[in-house]
1. Just wondering, is there one or more residues in region 208-221 that are assigned to a loop (DSSP other than H, G, I, E, B), in contact (Cβ under 8 Å) with a residue 60 or more places away in the chain, out of contact with any helix residue (DSSP H, G or I) (no Cβ under 6 Å at 6 or more places or on another chain) and closer than 19 Å to residue 79 by Cα?
2. Across region 37-53, what is the number of residues that are open to solvent by less than 10 Å² (accessible area, probe 1.4 Å) and either small (Gly, Ala, Ser) or closer than 25 Å to residue 283 by Cα (or both)?
3. Sort out which residues of region 64-74 are buried (at least 22 other Cβ atoms within 10 Å of the Cβ) and outside any strand (DSSP E or B), and write them in order of number.
4. Consider only pairs whose beta carbons are under 9 Å apart and that are at least six residues apart or on different chains; among these, list those whose first residue lies in region 230-246 and is of a type in the set (Lys, Arg) and whose second residue is crowded, with 19+ Cβ neighbours inside 10 Å.
5. Among the residues of region 75-86, what is the count of those that are of a type outside the set (A, V, I, L, M), closer than 18 Å to residue 22 by Cα and in a loop (DSSP other than H, G, I, E, B)?
6. If you check residue 56 against the conditions, is it in a loop (DSSP other than H, G, I, E, B), buried (at least 24 other Cβ atoms within 10 Å of the Cβ) and either at pLDDT 95 or above or not small (Gly, Ala, Ser) (or both)?
7. Is it fair to say residue 125 is open to solvent by less than 10 Å² (accessible area, probe 1.4 Å), in contact (Cβ under 8 Å) with a residue 24 or more places away in the chain and either assigned to a strand (DSSP E or B) or more than 16 Å from residue 178 (Cα to Cα) (or both)?
8. Tell me yes or no: at least one residue of region 145-154 is among the hydrophobic types (A, V, I, L, M, F, W, C), open to solvent by 50 Å² or more (accessible area, probe 1.4 Å), at pLDDT 60 or above and under 30 Å from residue 235 (Cα atoms).
Amino acid sequence: MSEHLSNYSARDYEVVDYQTYELPGSSLTFRGPPQELIDGEYITCLGAAQTFGCFCEEPYPALLAEQLATPVLNLGYGGAGPRFFARQPALLEIVNRGRLTIVQVMSGRSEDNSLFESRGLEKLTRRRDGREMAADDAWRSVLELDYWWKLAPMARESARRWCRRLAQPRVRRLAAENLANYVASFDRLLDQIETPVVLLWFSRREPAYDPGCESVEALFGAFPQLVDRPTVDHLAARVDAYVECVTERGMPQTLLSRFDGSPVEIDLTVDRADFRGRVWRQNNYYPSPEMQQDAAMALSTAIGGLGLSKR
């Protein structure tokens, strides 16, 4: 599986121009515009699509740059988890030349376990047969034992319920394994960052949640999937500041053309063939522009408290 930025530019072209570019020295593609980076003078933001800022003209890194009058490098990468960044030495060299690093609490589904290999990204590869699939589909195959779909349609729903009950202990063990590996990957990432670090929880939910096994959605919880309060507490104890931004202001976000302001449809299969023809007229997953504003304000206050907003 190649490592590349999810092709948001093609998918979302009608809504936002992300000005993507290849970051010099990294061979990876990120959201632009490119920044002039002077050692010790810039802030770096590590994270996933929420940091990248899908469907937003100004994600929180851009808003922070305006508020703090400081260059802010947006290293949001589609589907990324901590394992992805922990294995990017060239990228971390750029991070460590900066003044401050903001690290988003990323999804726990972008992690390895005994059944799936992630490479730190959301698409997983099943170890037993090499099949690549979206994380939701991969975990659904575990929850439903890869069995119910073989039955006649009339029997499928009852088979689903039976499989889920039978699979619950295995699923809970796998989720615990995933989360333990996630913490280890995040610890490795933090160990490699030499600047002060601000940890950002950016979500529509609180960190505490009660995972269930009746569905993948119940097991994962809202983004960042699988991550719970004890995990966040562990990570927060390792950094210089922790910012918790829980907001859903502006959601759902109606998707409008950047050319004439008219409502548009976004075909998700432009980016992901496995989404099977799904079309969005509203964004109900990625943070809205208003949520991005809330995150930037919370971060600006925390950075000011560290005395690092200006040299």
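The values are calculated or read from the model by the stated rules, or taken from the named source; none is laboratory data. Bear in mind the structure is a predicted one, so any value in this text is a computation, not a measurement. So basically every Cβ, Gly included, is an ideal-geometry build from the backbone, and we count neighbours across all protein chains shown. Side chains are part of the model used for accessible areas, which takes the heavy atoms of the whole protein and leaves out ligands, DNA and RNA. Shrake-Rupley method; radii C 1.70, N 1.55, O 1.52, S 1.80 Å.
1. No, region 208-221 has no match at all.
2. Summing the residues that are open to solvent by less than 10 Å² (accessible area, probe 1.4 Å) and either small (Gly, Ala, Ser) or closer than 25 Å to residue 283 by Cα (or both) in region 37-53 gives 9.
3. Answer for region 64-74, where residues must be buried (at least 22 other Cβ atoms within 10 Å of the Cβ) and outside any strand (DSSP E or B): just 64.
4. 238/186; 238/197; 238/199
5. Selection size over region 75-86: 3.
6. Criteria met by residue 56.
7. So residue 125 does not fit the description; no.
8. no
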